[in-house]
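Presented below is the structure to which this report refers.
The values are calculated or read from the model by the stated rules, or taken from the named source; none is laboratory data. A quick note: this is a predicted structure, and the numbers were derived from the prediction, not measured. Glycine also receives a Cβ, built like all others from the backbone with ideal geometry; neighbour counts cover every protein chain displayed. Surface accessibility is based on the protein's heavy atoms, side chains included, excluding ligands, DNA and RNA. Shrake-Rupley method; radii C 1.70, N 1.55, O 1.52, S 1.80 Å.
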Amino acid sequence: MNTASINQTLPLNKISSSKVLSQGDSVFVRVTADKGQGKYEAMLSGAKITLNSKRPLQVGSSFPAKVNINNGKLEIIISLNKENLLQRALTSLPNKEIAGLLSASGLPQNNLSLNLIKQMYQLELKMDAFSLKKFYNLALKFKGKEKSALQLLMILYKKKMEVGEDELLELLSYLDGSFEAESDRGRNGQRGGKEAFELLKRNNSIQQGWLFYPFELINYKSRELYGKGCIKIFLNSAEKIEKLNFNCNYRGKEYYFYINYKNSRMEKVKFYIENEASSVSELEKKISSLFTKAGKNVEVSWCQKDMFEVSGSDFEELYTFSGEV
């Protein structure tokens, strides 16, 4: 495994009063500020820390890491697994075919361009300069929701469905679970959601690609709303399940799961649980044991929340590009 070490400048006992970090623990580090000369501020286990890094870090970036104790100080070892390395490689775009395609499209080499390529790969859409530029520019109209809008636009395009800006935003609210609950719409005297609901019906009538099923969890007797979310299922050309992307806000806490299937059998599970007190490694073991008890031998790993947006195309593994593009 490729690693890069970051030495924590504070004593170990100053890291967190609520969580004791041990040798080998999996943690998640978020960079919050660049202090110059290789010094950074970051968040680790709910505490603000100062880091010294030999390699440059980007403010706002997050990464998984392992804990190493060295003479009473904390050493963070960044985990660069296959997926991390792929992300870094495509972000810098060393691949001549990808770089040439983006250059011909007049598009920047940024995360939105990377997600655009991954989504087209997932949906098996033709990659040409005209299509790349068209989808990229359309996504820019949705400030703050560019990546989600980009993914959904291509999903609907694949199914030959046209949609306006207002309808797309409304549909996105159903997919990310932010839609207004039916009980609230009733109390407010609003009907709302009709256009988005019709789009959902049309999309789901085509039993291929992504199917979307928003839901609400309501107490049958009291009618109290416990939660809401969306189940997203990807069917291949043989109408067999390949991916399942699930998100739910239950009593104010967010849960995300992404399941990848191989030959209709569960292969990998990615997850994110908001404000969970357990460490990443503890959560991974706990969830893995649940699948094991159910007779499912799967690889379980924690991921960042934004990777689960709409189709979860961030999880696509692009190793090579060959042939005509």
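In summary, the lysines within cross-link reach of Lys48, defined as a Cα separation below 19 angstrom excluding same-chain residues under 8 places away, comprise Lys14, Lys19, Lys35, Lys39, Lys66, Lys73.
These residues, Trp302, Trp210, go from largest to smallest accessible area, 1.4 Å probe, as Trp302, Trp210. Indicate the gyration tensor shape class of the range 247-319 (rounded, prolate or oblate), computed on the Cα atoms with a ≥ b ≥ c the square roots of the eigenvalues: a/c under 1.5 is rounded; otherwise a/b larger than b/c is prolate and the rest oblate. Oblate is the answer for the range 247-319, as a/c is 1.5 or above yet b/c matches or exceeds a/b.
Each of Tyr272, Met307, Asn297 was scored by the projection of its Cα onto the charge dipole of the range 270-310, and the greatest displacement toward the positive side belongs to Asn297; charges sit on the C-beta of Lys, Arg, Asp and Glu. Label sites at Thr32 and Ile273, each approximated as a point 7 angstrom past Cα along Cα to Cβ, lie 2.4 nm apart. Inter-label distance, Phe291 to Lys134: 3.8 nm, where each label sits 7 Å from its Cα along the C-beta direction. Ordering of 223-233, 33-43 by packing is 223-233, 33-43, highest average first (other Cβ atoms within 10 Å, averaged per residue). Listed cross-link partners Lys158/Lys268; Lys141/Lys253; Lys147/Lys286; Lys133/Lys305; Lys253/Lys286 are compared with a 21 Å cut-off, the Cα-Cα value being larger for Lys158/Lys268; Lys141/Lys253; Lys147/Lys286; Lys133/Lys305.
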